[in-house]
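Novice: I am attaching a structure below and will ask some questions about it afterwards.
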Amino acid sequence: EAGVAQSPRYKIIEKRQSVAFWCNPISGHATLYWYQQILGQGPKLLIQFQNNGVVDDSQLPKDRFSAERLKGVDSTLKIQPAKLEDSAVYLCASSRQTLQETQYFGPGTRLLVL
Amino acid sequence: AQKVTQAQTEISVVEKEDVTLDCVYETRDTTYYLFWYKQPPSGELVFLIRRNSFDEQNEISGRYSWNFQKSTSSFNFTITASQVVDSAVYFCALMDGANNLFFGTGTRLTVIP
C-alpha cells in the first residue's frame, strides 16, 4: 500500500511570495490533515478535512493560509504572502474515516522563507 | 487542555545500550489514545505504536517496549540493545475524543557506534 505522498520536498522562496504544497493521502483514507512543524517542535495541526469538507481549521492563519480538498482525495495548502516565520516543515497525514484512527504521515515539505 | 511533555531533549547512548524515552501527558478526557512516532533525518513521521486509555498492558515489539501507567500519566518507550538505525527524533502524542493529535516536543536520540 502506497503511503502519503507530498510534493515538493523542498522549497525556498522570498518573503511576500506565494507557495503551494500538494498532498495525496493513502488510498481510501477519508480524513486528511495538514500540520506545521517548526524546527525543534512537535507538529501542530493547521487544518483537518473529512472527505472534501473542513472539520477543523481553527489553527489556520486564514489571512495568509488556505487549503482545499476539492474532490475529497488530493489536497493543496497555499501560503500567500509568505512571512519569515512560515519557515517550517509542512506535513500531510491521513487516516480512515472513523474517529480516533491512527494518522499516517507523508515525508513533508521543507519550506525556507528568506 | 491536552498536554504532552517529553522532558528529555537529547539523549546519546552507545550502541547496544538500552535507552528509555519518557513521556508524561495531561488530559481530562476519560477516553484518549497515546502514540509514539519516529522521525528519522528524512523527515517522515513513522508510526510506532498506539494505545487506548483503557488498555494498560505493556507491549513489546522486538527491541521496542512500551510502559503505560495511568496512575502517573506516563507512556514511556524503551529500546533494548540500541542500534545506529535507531537514531532519530521520537515524538509522543495524545489524541483526544475529538480526533485532535497533540505532540510533545520530541526527544532526539543519537546512538553512537
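Novice: If you wrap the range B:3-113's Cα atoms in a convex hull and average its projection over all directions, what's the area in nm²?
Specialist: 6.5
Novice: Let me know the Rg and Dmax you get for the range A:1-57 when you use only its Cα atoms, in Å.
Specialist: 13.2, 38
Novice: Would you work out if the range B:52-113 is rounded, prolate or oblate? Take a ≥ b ≥ c from the square roots of the eigenvalues of the alpha-carbon gyration tensor; rounded if a/c is under 1.5, else prolate when a/b is larger than b/c, oblate otherwise.
Specialist: oblate
Novice: Still on this structure: Only residues of the range B:1-27 count here: report those whose backbone N is under 19 Å from the spot 7 Å along Cα→Cβ of A:Leu39, or say none.
Specialist: B:9-11
Novice: Alpha carbon centre of the range B:7-41 versus the range A:99-114: separation in Å?
Specialist: 19
Novice: Take every Cα-Cα pair in chain A and report what % of them are more than 26 Å apart.
Specialist: Tail of the P(r) past 26 Å holds 13 percent of the pairs.
Novice: GluC sites (Glu not before Pro), restricted to the range A:1-98: which are DSSP loop and have at most 16 other Cβ atoms within 10 Å?
Specialist: Sparse-neighbourhood loop GluC sites (Glu not before Pro): A:Glu1, A:Glu14.
Novice: Can you give the accessible area buried between chains B and A, summed over both chains, with a 1.4 Å probe, in Å² to the nearest 100?
Specialist: Buried surface at the B/A interface: approximately 1700 Å².
Novice: Now a separate question. Grab the other residues whose beta carbon is less than 9 angstrom from that of B:Phe35, score K and R as +1, D and E as -1, and report the net.
Specialist: For residues surrounding B:Phe35, the net value is +2.
Novice: Moving on to the next point. If you wrap a convex hull around the alpha carbons of the protein assembly as shown, what volume per residue comes out, as a whole number of Å³?
Specialist: For the protein assembly as shown, the hull spanned by Cα atoms encloses 126 Å³ per residue.
Novice: While we're on this one: A:Ile26: net charge of surrounding residues, Cβ under 10 Å, Lys/Arg +1, Asp/Glu -1, itself excluded?
Specialist: Result for the neighbourhood of A:Ile26: 0.
Novice: Classify the range A:52-114: rounded, prolate or oblate, from the alpha-carbon gyration tensor (a ≥ b ≥ c, eigenvalue square roots; a/c under 1.5 rounded; otherwise prolate if a/b is larger than b/c)?
Specialist: prolate
Novice: A:Lys11: accessible area at probe 1.4 Å, nearest 10 Å²?
Specialist: 80
Novice: Another question, then. Given A:Ala5, B:Phe54, A:Phe105, which one lies farthest toward the positive end of the charge dipole of the protein assembly as shown, if we put +1 on the Cβ of every Lys and Arg and -1 on the Cβ of every Asp and Glu?
Specialist: Checking the options against the dipole of the protein assembly as shown, the answer is A:Ala5.
Novice: Okay, next question. Could you work out, residue by residue across B:91-99, how many beta carbons of other chains sit within 10 Å of that residue's beta carbon, and then give the average as an integer?
Specialist: If you average over the peptide's residues, the count of other-chain Cβ atoms is 4.
Novice: Something else: For A:Trp34, what accessible surface area do you get with a 1.4 Å probe? Give it in Å², rounded to 10.
Specialist: 0
Novice: Roughly speaking, what is the centre-to-centre gap between the range B:68-109 and the range A:1-67 when only Cα atoms are used, to the nearest Å?
Specialist: The range B:68-109 and the range A:1-67 have Cα centres separated by 23 Å.
The values are calculated or read from the model by the stated rules, or taken from the named source; none is laboratory data. Because the structure is predicted, anything quoted here is derived from the model rather than measured. No Cβ is skipped: glycine too gets one built from the backbone with ideal geometry, and neighbour counts run over all protein chains shown. Only protein heavy atoms, including side chains, enter the accessible area calculation; ligands, DNA and RNA are left aside. Shrake-Rupley method; radii C 1.70, N 1.55, O 1.52, S 1.80 Å.
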